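Undergrad: Before we start, here is the structure in question, set down as structure tokens.
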Amino acid sequence: MSLLITGTAGHLGEALMRVLRAAGDDPIGIDLKSSPFTTAVGSVADRAFVRRCLTGVDAVIHTATLHKPHIATHSKQAFVDTNVTGTLTLLEEATAAGVRAFVFTSSTSVFGRALTPPPDAPAAWITEDVVPIPKNIYGITKLAAEQLCELFHRTRELPAIVLRTSRFFPEEDDRKATRDAYADDNAKANEFLYRRADIDDIVSAHLRALEQAPALGFGRYIVSATTPFTREDLQDLHTNAPTAVARRVPAYADVYARRGWTMFPHIDRVYVNDRARADLGWSPGYDFARVIDLLRNGEDFRSPLARAVGTKRYHAETFADGPYPVE
């Protein structure tokens, strides 16, 4: 299969290229920035460029995007140009080229305000059936791009799978309160309970989606580490998260104590990946229990792939108040 991957100078695009090259494949990688994993430099909104790159291509994985870290530094029009117009251009040209499968990397950010329950309510149980309420231009444009994928499946019979990924980037948290209260590894380990995945699992979900797209036709899937929680834990999660965590992964307490780590006092949502595991045949390897096992043995809880990809700079400049400015 001849494959085009967009955004190959970014975390996920590079990770996909690494895995596929190691397997003996030679996908075409495109990005606005040059990199060792980028075959051609150009914009996904440049129709002529996209058309050239799609020549002879059978499938597309579209990871290129403006992200949340760009909200305060880029205009809303730039988000529309990249996330909406770029996706539309790819869909139109992919259809014209006879592409057999299209996988779009979306984000759990599309859920927006649906992720934050009232103070006295249980934590939110987030499945694909939750209605998105985007709260910023990033979420709005990702949701619009999702809807374009659905439109092209419905009107042009393009097999298209949307993956709503949770956090997998290694950069430090954008919230100063979190950075001040928790060591970076501590915060990221906590997030595996409810809103983080290892990039190795994100890659495998994309490759499974690529394989299943022709049979599925269209679908939206949450891609996040498998949570240990059930609905019965939701009230405790929002009021006293350590109690719920100790109930489901009791080994964590000793491991955290030895490291001087602490659990978040409150967890406001849980991402549920049941549908992705069932429909895609996806088997994520990293969850909070595995993180604890690795830490207990003195090992890094990140996958070898995550360590190989490392961190990226979302901006050329540096900022005094965090990894990127917050709107």
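The values are calculated or read from the model by the stated rules, or taken from the named source; none is laboratory data. Please read all numbers here as calculations on a predicted model, not as lab measurements. All Cβ positions, glycine included, derive from the backbone under ideal geometry; neighbour counts span all protein chains shown.
Undergrad: Within the bounds of region 148-157, is there any residue that is modelled with pLDDT of 95 or more, among the hydroxyl-bearing types (Ser, Thr, Tyr) and assigned to a loop (DSSP other than H, G, I, E, B)?
TA: So in region 148-157, the residues modelled with pLDDT of 95 or more come out as 148-157.
From the residues that got through so far, the ones that are among the hydroxyl-bearing types (Ser, Thr, Tyr) too are 155.
Applying the additional criterion that residues be assigned to a loop (DSSP other than H, G, I, E, B) yields none.
No: region 148-157 contains no residue that is modelled with pLDDT of 95 or more, among the hydroxyl-bearing types (Ser, Thr, Tyr) and assigned to a loop (DSSP other than H, G, I, E, B).
Conditions (1) over 19 Å from Glu14 (Cα atoms); (2) in contact (Cβ under 8 Å) with a residue 12 or more places away in the chain; (3) crowded, with 19+ Cβ neighbours inside 10 Å; (4) of a type outside the set (D, E, K, R), marked per residue:
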| site | (1), (2), (3), (4) |
| --- | --- |
| Phe168 | no, yes, yes, yes |
| Glu172 | yes, yes, no, no |
| Lys176 | yes, yes, no, no |
| Asn186 | yes, yes, no, yes |
| Arg196 | no, yes, yes, no |
| Asp201 | no, yes, yes, no |
| Val223 | no, yes, yes, yes |
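Undergrad: Mind listing whichever residues of region 50-76 are modelled with pLDDT under 95 and of a type outside the set (Lys, Arg)?
TA: The answer is Thr65, Leu66, His67, Pro69, His70, Ile71, Ala72, Thr73, His74, Ser75.
Undergrad: Let me ask another. Is it the case that Thr39 is touching a Gly at 6+ places or on another chain (Cβ under 8 Å), surrounded by fewer than 19 Cβ atoms within 10 Å (Cβ to Cβ) and among the β-branched types (Val, Ile, Thr)?
TA: Judged against the criteria, Thr39 is a match.
Okay, residues lined up against (1) in contact (Cβ under 8 Å) with a residue 40 or more places away in the chain; (2) surrounded by fewer than 22 Cβ atoms within 10 Å (Cβ to Cβ); (3) in contact with a Gly (Cβ under 7 Å, 6 or more places away or on another chain); (4) within 18 Å of Arg220 (Cβ to Cβ):
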{"position": "Ser75", "(1), (2), (3), (4)": "no, yes, no, no"}
{"position": "Val80", "(1), (2), (3), (4)": "yes, yes, no, no"}
{"position": "Val99", "(1), (2), (3), (4)": "yes, no, no, no"}
{"position": "Phe102", "(1), (2), (3), (4)": "yes, no, no, yes"}
{"position": "Gly112", "(1), (2), (3), (4)": "no, yes, yes, yes"}
{"position": "Asp129", "(1), (2), (3), (4)": "no, yes, no, yes"}
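Undergrad: Take Glu157 and decide whether it is among the charged types (D, E, K, R), on the phi > 0 side of the Ramachandran plot and either surrounded by fewer than 20 Cβ atoms within 10 Å (Cβ to Cβ) or out of contact with any Gly (no Cβ under 6 Å at 6 or more places or on another chain) (or both).
TA: Answer is yes for this residue.
Undergrad: Here's something else I'd like to know. So which residues in region 34-56 are touching a strand residue (DSSP E or B) at 6+ places or on another chain (Cβ under 7 Å) and outside any helix (DSSP H, G or I)? Step through it out loud before you land on a result.
TA: Filtering region 34-56 for residues touching a strand residue (DSSP E or B) at 6+ places or on another chain (Cβ under 7 Å) gives 34, 37-42, 44, 53-54.
Residues satisfying the conditions are Ser34, Phe37, Thr38, Thr39, Ala40, Val41, Gly42, Val44, Leu54.
Undergrad: Could I ask something else about it? Inside region 277-327, can you point out the residues that are crowded, with 16+ Cβ neighbours inside 10 Å, within 27 Å of Val103 (Cβ to Cβ) and either modelled with pLDDT under 65 or of a type in the set (S, T, N, Q) (or both)?
TA: Ser303, Tyr314, Tyr324
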